[in-house]
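Report on the following structure.
The values are calculated or read from the model by the stated rules, or taken from the named source; none is laboratory data. Since the model is a prediction, treat every value here as computed from it, not as a measurement. Areas reflect the complete protein model, heavy atoms only, side chains present, ligands, DNA and RNA absent. Shrake-Rupley method; radii C 1.70, N 1.55, O 1.52, S 1.80 Å.
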Amino acid sequence: MHLRPPSSGSPGSASAGSEKVEVGGAANVGESYEQAAARELAEELGIRALPRLLFTFINRSGLSPHWLGVHEAVVADAVVPDPDEVAWHDWLIEPELRSALREWRFTPDSREVFSRYLAFRTTRS
């Protein structure tokens, strides 16, 4: 998880100064979900990885509905976040993340992503 700096995003951005469980942004024209996820990991966290797309859904919890792709990746490198994108970060185990989602100020899409990820994981078991 990570904390977005208060100055991050566009004016009035829902993510500015909020915690997030996901890293990401908009895909560029002609860019696949996986390519966009890899680029965002590199830009925001300084990580080189090959994300694997798990599923997509229409996210209605933000300012406007948009397609969102949820990925997983093995992170072998040290995290070196861009301070303009990430004010703080840490790895949490699932019980800690569940607790943090109840107690801290997360973006609405973080809750949606985590909930859908848990449902997806359950269907794969």
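Scan (1) open to solvent by 40 Å² or more (accessible area, probe 1.4 Å); (2) of a type outside the set (D, E, K, R); (3) at pLDDT 95 or above for the single condition His66 breaks and write down its number.
Every condition holds for His66 apart from (3).
Quick one: is His71 open to solvent by 70 Å² or more (accessible area, probe 1.4 Å) and not hydrophobic (A, V, I, L, M, F, W, C)? Spell out how you get there, then give the answer.
Working: open to solvent by 70 Å² or more (accessible area, probe 1.4 Å): no; not hydrophobic (A, V, I, L, M, F, W, C): yes.
No: the conditions fail for His71.
Report yes if some residue within the stretch 40-57 is open to solvent by less than 70 Å² (accessible area, probe 1.4 Å) and charged (D, E, K, R); otherwise report no.
Checked the stretch 40-57: at least one residue is open to solvent by less than 70 Å² (accessible area, probe 1.4 Å) and charged (D, E, K, R).
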